Amino acid sequence: MSEAKPEPDAPTTVRELYEARAKRLQFELLAGASGLHNVITSPRIQKLGLALSGHTDYLHSGRIQFIGRTEGDYLKTLKPEQRRRALERIFSLKLTCIIITMGLVAPEELLALSRRHRVPVLRTDSLSSRAIDEVTGFLEERLAPSTTIHATFMEVFGLGVLITGDSGVGKSECALDLILRGHRLVSDDLVVVKRHGLDRLVGSGPDQLAFHMELRGLGIINIRDLFGISAVSAGRDIDLVISLERWRPDAEYDRLGVDEKSYRLLDVAIPLITMPVASGRNLATLVEVAIRIQLLRKQGYRPASDFFRTLKEKLSQAQDEEKD
């Protein structure tokens, strides 16, 4: 199955970071307000220790730079002219933003250069470790590769299940039946998918469509209002994809469950089960069974493989008995 391509996100700016973490880190804007529109392109942060001593090759534009206790103590050891030259070297590399931690006093040379080069300088009383965690967490969320796909996303037996298929195949009706069985809706029709790290996908619904579902003949309904808060979930990891396909008499479907398929999304492979839809098939029941099977697979249990291994052993035993 073809992979959904990532969509370009709107740029994340220093202003967005400043406003999003202003309360949690008690940010104070010391200088460089004209640079709040600077764009952040990477969730990775850098500390300026080596750069201040002359090793600037590793600095990258688009990243947040930190000054903590070590950097502050080093700057204090420099004479004013040495401090100015050290700071001019790093500001010549088009910095995006500098964050000073632990409430340290910012050197006047630093503030003057930040105004000239339009580089915001933020200060927080928090420890460097906490500030780095807060900033990195925000940036990883905002800068994660993402895409929006046409599907229904459910939480069933603790697994995140993405139900795909052509329009009108019965995704929403299947989801509603699962909700009536006590499972939870994450999003119907549109699912926003973000990749965290190398192989973790998280799905959620667009804010404007949160917990709504369209049912032909009934219109748009609000699942949370109808069934309560326990019937919905804001988001979770994607563990399984179930693709609903209209039954075709000439198509070949997996009848043994030996071959395990995958669905590639944002360059991550997710277990895939293709399920034909036909009159008289209870989709919700089949989806529940498929998920129970997936739960067993995560524990190393393969029912089809175990069946054929047992069958092979019995056939081999029967042949041995015939020879005797």
Q: Kindly provide the set of residues from region 60-76 that are touching a Ser or Thr at 6+ places or on another chain (Cβ under 8 Å), of a type outside the set (D, E, K, R) and open to solvent by 30 Å² or more (accessible area, probe 1.4 Å), ordered by number.
A: H60, S61, Y74
(Q) Taking the criterion of being aliphatic (A, V, I, L, M) and more than 20 Å from T285 (Cα to Cα), would at least one residue in region 170-177 satisfy it? (A) no
Q. Across region 262-279, which residue is surrounded by the most Cβ atoms within 10 Å (Cβ to Cβ) among those that are touching a residue at least 40 places away in the same chain (Cβ under 8 Å) and either part of a helix (DSSP H, G or I) or not aliphatic (A, V, I, L, M) (or both)?
A. Y263
Q.
If I filter region 280-294 down to residues being surrounded by fewer than 15 Cβ atoms within 10 Å (Cβ to Cβ) and modelled with pLDDT of 75 or more, which single residue comes out as farthest from the chain's Cα centre (by Cα)?
A. R281
Q. Checking I229 against (1) at negative phi; (2) in contact (Cβ under 8 Å) with a residue 24 or more places away in the chain, which single condition isn't satisfied?
A. (2)
Q | Count of residues meeting criterion [farther than 21 Å from E141 by Cβ, open to solvent by 40 Å² or more (accessible area, probe 1.4 Å) and not charged (D, E, K, R)] in region 177-219 | A | 5
Q) How many residues does region 16-33 hold that are open to solvent by 60 Å² or more (accessible area, probe 1.4 Å) and basic (K, R)? A) 2
Q: Could you list, in sequence order, all residues of region 34-59 that are open to solvent by 60 Å² or more (accessible area, probe 1.4 Å) and more than 23 Å from R83 (Cβ to Cβ)?
A: S34, H37, V39, T41, R44
Q: Could you tell me which of the residues A106, A131 is in contact (Cβ under 8 Å) with a residue 12 or more places away in the chain, part of a loop (DSSP other than H, G, I, E, B) and either touching a strand residue (DSSP E or B) at 6+ places or on another chain (Cβ under 6 Å) or open to solvent by less than 20 Å² (accessible area, probe 1.4 Å) (or both)?
A: A106
Q.
open to solvent by 80 Å² or more (accessible area, probe 1.4 Å) and within 22 Å of the chain's Cα centre (by Cα): which single residue out of P80, P11 fits that description?
A. P11
Q | Candidates T147, T136, T164, filtered to the one that is at pLDDT below 95, within 23 Å of the chain's Cα centre (by Cα) and open to solvent by less than 10 Å² (accessible area, probe 1.4 Å) | A | T147
Q: Within region 94-103, work out how many residues are assigned to a loop (DSSP other than H, G, I, E, B) and either open to solvent by 10 Å² or more (accessible area, probe 1.4 Å) or under 14 Å from R44 (Cα atoms) (or both).
A: 5
Q: Working carefully through the options G72, G62, find the one that is under 19 Å from H117 (Cβ atoms) and not aliphatic (A, V, I, L, M).
A: G62
Q: Identify the single condition in (1) of a type outside the set (G, A, S); (2) touching a strand residue (DSSP E or B) at 6+ places or on another chain (Cβ under 9 Å); (3) at pLDDT below 95 that I98 does not satisfy, given that it satisfies every other one.
A: (3)
Q | Subset of region 173-186 (residues that are within 24 Å of A278 (Cα to Cα) and touching a helix residue (DSSP H, G or I) at 6+ places or on another chain (Cβ under 7 Å)) | A | C174, D177, L178, I179, R181, L185
Q: Given the conditions (1) open to solvent by 60 Å² or more (accessible area, probe 1.4 Å); (2) in contact with a Gly (Cβ under 7 Å, 6 or more places away or on another chain); (3) not basic (K, R), report the number of the one that F153 does not fulfil.
A: (1)
**Q.** Criterion violated by I179 - all others in (1) closer than 17 Å to E245 by Cβ; (2) part of a helix (DSSP H, G or I) satisfied
**A.** (1)
Q: From L113, L162, L122, grab the single residue that is within 19 Å of F66 (Cα to Cα) and part of a strand (DSSP E or B).
A: L122
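The values are calculated or read from the model by the stated rules, or taken from the named source; none is laboratory data. Small disclaimer: the values here were computed from a predicted structure and weren't measured. Backbone-built Cβ (ideal geometry, glycine too); neighbour counts: all protein chains shown. What goes into the accessible areas is simple: the full protein's heavy atoms, side chains included, and nothing from ligands, DNA or RNA. Shrake-Rupley method; radii C 1.70, N 1.55, O 1.52, S 1.80 Å.
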